[in-house]
1. Would you work out which of B:Leu268, B:Phe106, B:Gln285 lies farthest towards the positive end of the dipole of chain B? Charges go on Cβ: Lys and Arg +1, Asp and Glu -1.
2. Roughly what would the spin-label model give for A:Arg147 and C:Leu187, points 7 Å off Cα along C-beta, in nm?
3. If all Cα-Cα distances of region B:2-76 are sorted into 5 Å bins from 0 onward, what percent lands in each bin, rounded to whole numbers?
4. Considering chain C as a Gaussian network with a 10 Å cut-off on Cα pairs, which listed residue, C:Ile168, C:Ile245, C:Ile195, attains the greatest mean-square fluctuation?
5. Using a Förster radius of 25 Å, what is the FRET efficiency between C:Leu160 and B:Leu17 based on their Cβ-Cβ separation? Nearest 0.05, please.
6. Report for chain A the percent antiparallel among DSSP-assigned beta bridges with both residues inside it, nearest 5.
7. Compute a Gaussian network model of chain A, connecting alpha carbons closer than 10 Å, and tell me which residue from A:Glu245, A:Glu45, A:Glu158 fluctuates the most.
8. Based on Cβ point charges of +1 for Lys and Arg and -1 for Asp and Glu, what charge dipole magnitude is obtained for the protein assembly as shown about its Cα centre, in debye rounded to the nearest 20?
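Since every read-out is calculated from the coordinates, none of them should be taken as a lab result. Note that the structure is predicted; figures quoted are calculated from it, not measured. As a convention, Cβ positions derive from the backbone with ideal geometry for all residues, glycine included, and neighbour counts pool all protein chains shown.
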Amino acid sequence: MTDSPPIALQGLSVDFLSAGEPPARALRDVSLTIPPRSIVGLVGESGSGKSTVAMAMMGLLAPNARVGAGRIDVGARRIDCTDGAALAGLRGRDFAMVFQDPSASLNPTFTIGAHLHEVLRTRSPGATRAERQERAIEALRTVGIDRPDARMRNHPHELSGGMRQRVVIAMALLARPRLLIADEPTTALDVTVEAQVMAEIVALRDQIGCSILLITHSLGLVARYCDHVSVIYAGEVLEYGPVAEVVRAPAHPYSADIFACDIEIDAPRAPAAADQRFRIIPGNLPSLRDLPAACIYAPRCRKAVPACMAGHPALLPLTDEPERETRCILAR
Amino acid sequence: MSEALGIIWRRVLTGALTVVGAITLLFLLIRFVPGDLASILYGPRVTDALRASLAERMGTDQPLPVQLVLFLSHAVRGDFGINVISGRPILDEILGVLPNTLALAFSALGLSLLIGFPLGALAAVRPGSLADRILGVLSVVLITTPSFVVAILLLLVFSLALDWLPVAGAGTPGDPVDQLAHLILPTTALAVGWIGYLARLVRASLLEVLAEAHVRTLRAYGVPEWRVILIYALRPALIPVVAILGMALGDLIGGALFAELIFGRPGLGTLAYNAVVSRNFAVVQATTTVIVLVYVTANIAVDILSGLIDPRFRRTEGEAAR
Amino acid sequence: MRGFAGRIWRERGGRTGVLLVALVLFIALILPFATPDPNKIDVPARFLPPSLHHPLGTDNLGRDLLARVTVGTRSALWIACVVIALSMAGGLALGVIAALSGRLVDRLVTGFCDIVSAFPSYILVFSLVALYGAGLGKLVVAIALAFLPQFARITRSQALTLRHRPFIESARLMGLPATTIIRRHVLPNIVGPVIVLASMNIPSVITTEAAMSFIGLGVQPPQTSLGTLIRDGYVFLDQSWWPIIGAVAVLAIATLGCTLLGEALRDVVDPKLRREP
């Protein structure tokens, strides 16, 4: 598996349509490279479009979303992101997902066991009920759930948030995807539970050898768990590179700003605290309905020069560090 | 499991209390009518012998609380006395026609579910489609047309214009095909409104569930769309639908009263109506008591069914009781 | 207030409801000025088909059916308004008392509501009329009683949520009398959902009255309502089928219009109520 090619997302663009208004260009030319067995962080504030990236890759966007362009390379296949049926074919086989809110992500009227069986029904259609049962219990045990055979008969509301998130991780374990997309998997959980759940996600990677796309607003999680990081702002990737390099010497002023703040750039669970910290970067997100032909971050950037307003910069490799990419013209 | 039994037991107990309360209310309403009890219950046919037997049965010479206890104890045992017109025990007469009324109410409920449910589900799967918009308009029209009006219109069409279905009676006893044929028009008349109502409710409920995160989870794991909708979205969407069924049955039994009169069908409605016309309130009172019993029982059954579908309900009920 | 009406008008359902209700009001209030005497008997002209002279034809006594329908519509609307006003007043009083008095009173009121609701509403009205006799006044009280528990319940739950709100607490600490607190602070804050409930119940009240009058246990001749007109038409159905059509059509239009208008009102006043059956 180590020698398989990376999973690559190329040139994804998504618009959100609403009646009587120009479309909101939520994602523009987003590209990501996710090497085998690595954990890539996709970090950005709320509204930056990071969850939209996940939903577009899964083909689960809201009905008012239009995918303009984009493709995904998985193994030897090349999937067109505008082809909903092709994306549906990836779900549960090549891609799986862990969601932000474990209290809502399991069906309240079905048992834990029913959820796990359903994953296996898709993934291993030939297995008997008894085989599925055995593998489901084994998966629960692997993700650290006590008395897994009893838990199979429980309903979601009988489990804590952390436990429910482990159940979803167990579903991912049974799906054995090439890529696990974890969309803010610990945002809704206590800090103490966060470390345990992240440990289970890493353990999952180690066991089935998948790659992980970790979508988060938490720079702490990125620094601790990710190999690569992609910094997304207002629907554009501004910087991509190995975490250590990006943290040490950010190649985009936006990355530098958020890393300098050394705080979570947004914390939806604690709006009051977040409010005070938001002001550290003055200005607001640009309107996605009316974008300038300029660097998207220039209006808020401390280092902006007139050239920044002259044209829209592309995401290009750094000259002396070709593994890293940035949109900032000053870094070249 | 014992916890679930405790909840069921508690629900049955409150149901029984409600029935006792309803019978008490009925008693008070009867006693509130000016005049003596015998002439209220038996109308112009009251004789001194009847008056004497009632005084003994109901303790009309005793204080009010004693009368209430006597009234309750008779009602609870199903002893409603004798129908002064036919001379038969009232309970026997009620039990004789109760199956007709229940068959009508339940077949109307079944028909409403059979048609309303799939219509609502189809509309929810394709919101905004032509079928959805047609259903949106149609359901309001169906809901707002009173069932007795539908019954009259059906009678009009089938008795005057066409001659397809029998329009009167309940059919020959012992001939199921004939009985079924006699059931079709009154059932349709009663069901029409609830078809519209259930279609709307199912649509709204399923749409809400389909937008929930757990549906997205299953899709993310590649579960086929038909399984997502028919198995995993439908069950939580059923919760509000099941919750309304008790009320539906009560409404249908009430509506059956009119359908029975219009289609000349023997049942609780015709029995009670004829009793009112002949000022024989003892029969009305007994019929009302039996209907309340059926209605409260149906509501208990619905609550238990809700608990079976929605596991959270079991817990909240238990916690609320603690 | 303009924005309020505008929002009802903007939705297709609300607009249809307004137009249908306007049509029914026109039939009930304006049309009587243009129609002949509804009680003028002209036996030779019985069972006439619709014509320019008698747009809905005539009944078994040769009375003009359009004129009779206008009178019937007026009394149906009038009865519905009185019933709803009674239910609402009784429900508001019981609900506020239950919420603001002690636990015992609250138990009694909720118990009373549960017991009244244990009767299917048609059955309760039927029993009351059977006991106390048919007729307009008794029918109105019977239907009002059947619809009262809903108003009491919603008032009680609304008032309960208000009870510990700061402005009520401070009014109480200021020593304002209970009646002033209820009148000035409680009622204005619960009246919205109660009005919505009232408007949603008008079609059911119209239907219940028509059904009871139809079986002869409601409005009694010579008084007229949509129910008695349908009854008259039904009795002579084998001789002529269209006398029944006018009253049935107005009844259907009235319930449809009031339902659409009530739903539009609910969506504007309180979108949260949308889910409640």
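1. After comparing all options, I get B:Phe106.
2. If labels sit at A:Arg147 and C:Leu187, their model points lie 5.7 nm apart.
3. Values per bin, smallest distances first: 3, 14, 19, 21, 14, 8, 7, 5, 4, 3, 1, 0.
4. C:Ile168
5. The calculated FRET efficiency here is 0.65.
6. Roughly 60 percent of the beta bridges in chain A run antiparallel, per DSSP.
7. Fluctuation is largest for A:Glu158.
8. That gives the protein assembly as shown a dipole magnitude of about 940 debye.
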